[in-house]
Protein chains: 2
Amino acid sequence: MLAYPPLGCTYTKGVSLSMTSMAEQLAKKQKEISVSEFFERNRQILGFDSPTKALLMAVKEAVDNSLDACEEAGILPDISVKLEKVDDKEFKMTVEDNGPGIVPTMIPNVFGRLLFGSRFHAIRQSRGQQGIGISATVMYGQITTGKPSRITSKTEKDKPAAVKLIMINTKHNTPDVVGPAPPNDYVMWDEKEHGTRVEINLNGRYIASKQSVYEYLRQTAIVNPHTNISFVDPDGNSSTFTRAWDKLPPPTKEIRPHPEGLELGTLMNLGRATRVKNLKEFLKTDFCRISDRLAKEIVERSGLRETAKTTQMDLDQYKALLGAMQSAKYLPPPTDCLSPIGEALIRKGLKNVLDDMRPEFYSPPVTRSPRVYSGNPFQAEVGIVYGGNLPADQPVTILRFANRVPLLYQQGACVLTKSVESVDWRRYGLEQRGGSGIPFGPAIIMVHVASTKVPFTSEAKEAVASIPEIQGEIELALRECGRRLKVHLNKKDTKVRTKAKFEIVQEILPLIAEKSAKIVKKPVPPLSGTITKIMNVVWVDDSVTYEKKRHRVKVDIYNYTPKQTRFNLHAVVPASSIELLRAEPRPVEVKEDGKITWELRPIRSTEKFTVAFELEGLEPELYDENELYASGIDPSMIIGADPLPGDWDVARLKVTEMQAEPAAPAEEEEEEVDYDEQTEALNDD
Amino acid sequence: MLAYPPLGCTYTKGVSLSMTSMAEQLAKKQKEISVSEFFERNRQILGFDSPTKALLMAVKEAVDNSLDACEEAGILPDISVKLEKVDDKEFKMTVEDNGPGIVPTMIPNVFGRLLFGSRFHAIRQSRGQQGIGISATVMYGQITTGKPSRITSKTEKDKPAAVKLIMINTKHNTPDVVGPAPPNDYVMWDEKEHGTRVEINLNGRYIASKQSVYEYLRQTAIVNPHTNISFVDPDGNSSTFTRAWDKLPPPTKEIRPHPEGLELGTLMNLGRATRVKNLKEFLKTDFCRISDRLAKEIVERSGLRETAKTTQMDLDQYKALLGAMQSAKYLPPPTDCLSPIGEALIRKGLKNVLDDMRPEFYSPPVTRSPRVYSGNPFQAEVGIVYGGNLPADQPVTILRFANRVPLLYQQGACVLTKSVESVDWRRYGLEQRGGSGIPFGPAIIMVHVASTKVPFTSEAKEAVASIPEIQGEIELALRECGRRLKVHLNKKDTKVRTKAKFEIVQEILPLIAEKSAKIVKKPVPPLSGTITKIMNVVWVDDSVTYEKKRHRVKVDIYNYTPKQTRFNLHAVVPASSIELLRAEPRPVEVKEDGKITWELRPIRSTEKFTVAFELEGLEPELYDENELYASGIDPSMIIGADPLPGDWDVARLKVTEMQAEPAAPAEEEEEEVDYDEQTEALNDD
């Protein structure tokens, strides 16, 4: 069976080697691998697999850190990024922020040690959750240029800033401070009260395309409108993305683990490490959403005692506990550990990017309420933009974001993309071969996932793994947006077709009448009655204008039917704290969720009737297309308002439920997704 | 600027917090993260992101390890895999091999510690290069079931086997041996002389689809025909993949780093760690492909002295050295660090899978000669299968392999897929929208990359990163295979069309003749002359049969032209050590690369002439379609043989160059690829 001499053994003809010596030979080669060494050799896992990408990754890691630090310290971020060409390959990157700074003793570990950080153990949304990014950049700079990184940090107004030159000892994953020698390790930095400057030399390649540093910063500005970013490119051109919103997103709060989707091993680890004394206390203290009553119930169902010591429980007892925990119903996790962008700012952000494309339709964005996968809360957000100058014959553009960070690479490997691919967009008016895959059409689809732990497929944080729960939520949001797109397209389509008919009738009928009149030598008869008979529709034309800080809405209703008509008109306006002014006629109902209803007076045949109202307190871009419905009328008789959906109230609530804390535990499963069923489909990539 | 109180600080109204206290607050949260802890939280990076995938990953890690160990010890692998259902979620996996075993003291570290292994530091092709896989599986089992993994290992015939129950302390990334207590830590294991048995309990989900354990084992058998694999699935059904080849692949040898694509930092690390005394010795000893002459030349060009101490050189000196090293020309790396599957076994493997599909064409596989990316040797191999019962209206199937391991997930993220997508397959007869993307058609494309370091996009080893050099080589191989497919399709197409014409002429002409003869009351005239005038082609029909260990080739040439014809016939047969027997007529030339040429005698109009020969020493599946060319004749006159390409010799040499060590340094860049240029395109995913 010994076909050739084993590695490292000298082969002596005729002498059979015993397997022990072979196992021992192999054993000698067994060695520990330092995490730096591992990533030094596998830098592609960190995203440093091409010079172009390396430059982008470096900027991304530094900027993400700055944003996290500023937000944690409650500071509106001012960030400047500068790239300078050193030689043919080498660049110098400088990223400066106005964050709280880093205490000098911490600088070496933060920048010179992989797997070291402040955000890994905290259950709340943040950009940097791995403790790898910036030190990986320092390491990449050192590998490619041989140079240390220079960190300058100031933590207090009237004190000098600390300066350190950092390298990484990759054999041991430890930081080496290689300079500067005192007194140069402190410098004055008067223009800043506090902040950090990171200077890293690295090999790279600068491009100005879709997947560039500029594009990353631009998209970062979109989803972080509270940030000022300035950028100087290697040719010295500068650009600025000015703060569009001077409030920070609400700070995210650390939460305890949510019991949903917990694994046995994790539960045992928690139970053995807990500081409380007994099982019931453990459940109440170490998890969120377990009340005293629920803890009691779980303990009862598990067959254990409330006073059981979790540190001494065995495997079977933990198994019983987990079973009991899994069969209980929990409130969704608290929402304050997450910081979604929100419908208003998504819209603002998208409008900001797409001004020159003049799209005809911005679908109202959808922010789903938080869910949980394997104990980690997450939230999906989606927006769709359609038409205008967007290219009609190409796949739609997908803008992907995770925890407010743009994802520019690995689109094909990302569950955000897969979610888009698995929706049948033909139902919503986009072209799609076979009902799956990236649809074609003049559209941009924006997807954001916020989570206390985004399950990236690698340390490069370029793509989100195929977690069925996440895919399910994104798909629901996409379908909701898709439905709205379809309503828009239907409305547009019917209007276009009816208008064409209208124009023909209005053009031809008078000609016929004139001709006939001439022949029979009688005067031309009045035609409006005839036209209405032929058209036989109620025509609704609406408009929104923004003037003097007010949205003015006008809805003109033309009765082109031979009879008097009467129906209810419904409009939906953004719910968030808006003043409805001077509505004429008065609506019979204005609900908190933004739903307005008019019971219209009878409108005579050929009469035009106008409904008008004004909204105050809304950002201009937050309202530009009316959502109109009609009830109490044959839907085929009315053009320009959709029939009121049967589940209207539910549908609206769905969109706005994230505003409020749900009242009852997990009962709003309106569209249940069988995640288990989905697993196979998901993995079928 | 302070918009809200920083995290962890109590906000006191009117009291401004100093930034230092903020920086200090944040500093307190800075913590080291153990690598186990990191992957415990980010198990999706290891591929354990769904129950289905988890089961597959576990089997894959265990089997890959077994194959590596057997091959390193020179043992033909016998591997058995068994999956048993424990409960609704939990499975027990047992993988057993006949490898050399693991010495007992090593077992804890090998299975209970991430980033520990024997293959990480060695520059040669192996499956497990990360030191993560199997311990990650142990950790996943422990997280999901709370149970330890059981390892049994025997290293010597007449001794008992060591048994250990292993868990991982994830806080510190250290192994915990939790049992069994002596004397149960040694057991008799008589049925094996040596080997290892790994038993891991883990949560999972068993499916029998495309991305299943069965499929992984089947594809493993394809690219490892020297392996016996038996499998018992959770329902108790067993399958066996029997060894089809009883030779091990040649053992891969460790090499020193290749100087091409070396980074400055890596060079400095090597220079500072070297055991030799001076610069010239360092170049000669620590790298492959640097001869005494070349070392001298590099030193000279760098402006340094031969006796310079590399341990004391500074950054600028290293930069000068790197510059000089980069401007030198090197031989490709030695090929014995790699173990490509080879054209013969690729063909055998593909035939093995596809027997029931009855494809009409197996393109001769292409194995490119080794190249280097960032100092790492690699080699690309490609095969194409076409037609038969393969579905014609679907995207082609892509079979991806890296270092003889099938890749079943993340197809979209993989450079192997991207290479397929970036070839314009319309030129080679497949349907493809816009000339890029996965083509449609009845085809299977198999791509294998072998490397001393496969640049996987993550620790899950599911996809290969977009390295321009790798993509370039795969594309060249794909185009070569595509060209052969096109030749086949052309031949088939012309034959089909001409045959149709032929049949019509042969059917109608006699009818017309008969009718006319009847009318004019004369006998039916002989028609062969007329038919040839209408057809006016030389028709070549060929066949291959395999009998009595010989391939019998027959080429029938029909002269359906009104004139005598004379031309040269060329055939290409596999070059590898084949006996050409009883060629009739005798060829004028038989080249080493398998090219055979006949100068045919004149063939009269309507005459049939036959060329026949036999090949001995070839596996039956290695030759089943003739590659025929003709010269000295108007190409439009001949059906069934392609015109001899102008670059024929070059083209043939291209395919066979991997057989021999190139004679001159890097001068065979026949199709130079500008890798820099490609970077952008590549990253545009």
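Where a number appears in this text, it was derived from the coordinates with a stated rule and is not lab data. This structure is a prediction, so every number in the text was calculated from the model and none was measured. Glycine gets a Cβ as well: all are built from the backbone with ideal geometry, and neighbour counts include every protein chain shown.
Points to keep in mind about this one:
- Base-10 log of normalised Debye intensity for segment A:38-241 (one unit scatterer per alpha-carbon) at q = 0.09, 0.12, 0.17 Å⁻¹: -0.31, -0.57, -1.22
- Computed [θ] at 222 nm, deg cm²/dmol, chain A (DSSP H ≥ 4; -39,500 (n - 2.57); rounded to nearest 500): -9500 deg cm²/dmol
- Residue order, fewest to most beta carbons within 10 Å, for A:M268, B:M535: B:M535, A:M268
- Using the Karplus relation 6.51 cos²θ - 1.76 cosθ + 1.60 with θ = phi - 60°, the per-residue 3J(HN,Hα) values for segment B:121-138 come to 8, 8, 8, 6, 5, 8, 7, x, 10, 10, x, 10, x, 6, 5, 4, 5, 4 Hz, with x marking Gly and Pro.
- Cα centroid separation - segment B:458-475 against segment B:414-441, whole Å: 17 Å
- Gyration tensor verdict on the protein assembly as shown (Cα atoms; rounded if a/c is under 1.5, prolate if a/b is larger than b/c, oblate otherwise): oblate
- Relative to the longest principal axis of the Cα atoms of chain B, helix B:468-520 runs at roughly 20 degrees.
- Rounded to 5, the percent of DSSP beta bridges in the protein assembly as shown classed as antiparallel: 85 percent
- Full-stretch length increase - A:V496, A:K31 - with 0.36 nm per residue and alpha-carbon distance subtracted: 160.2 nm
- Whole-Å distance, taken between Cα centres, linking segment A:359-393 and segment B:548-620: 65 Å
- Ranking of B:E547, A:E156, B:E37 by count of other Cβ atoms within 10 Å, fewest first: B:E547, A:E156, B:E37
- For chain B, the Cα gyration tensor yields ellipsoid semi-axes of 57, 33, 27 Å (square root of five times each eigenvalue, largest first, whole Å).
- Net charge of neighbours whose Cβ lies under 12 Å from the Cβ of A:I298, counting Lys and Arg as +1 and Asp and Glu as -1: +3
- Label-to-label distance for B:A208 and A:S631 is 5.3 nm, based on points extended 7 Å past Cα in the beta-carbon direction.
- Greater than 28 Å apart at Cα, pairs in A:K253/A:K319; A:K154/A:K453; B:K549/B:K591; B:K492/B:K608; B:K418/B:K499; B:K92/B:K154: A:K253/A:K319; A:K154/A:K453; B:K418/B:K499
- Residues B:L345, B:L315, arranged from fewest to most other Cβ atoms within 10 angstrom of their Cβ, appear as B:L315, B:L345.
- Nitroxide proxy distance, nm - points 7 Å out along Cα→Cβ at A:D336 and B:S238: 6.2 nm
- The distance from the alpha carbon centre of segment B:313-350 to that of segment A:156-174 is 36 Å, rounded to a whole number.
- 20 Å tail of the calculated P(r), segment A:264-326, as % of Cα pairs: 9 percent
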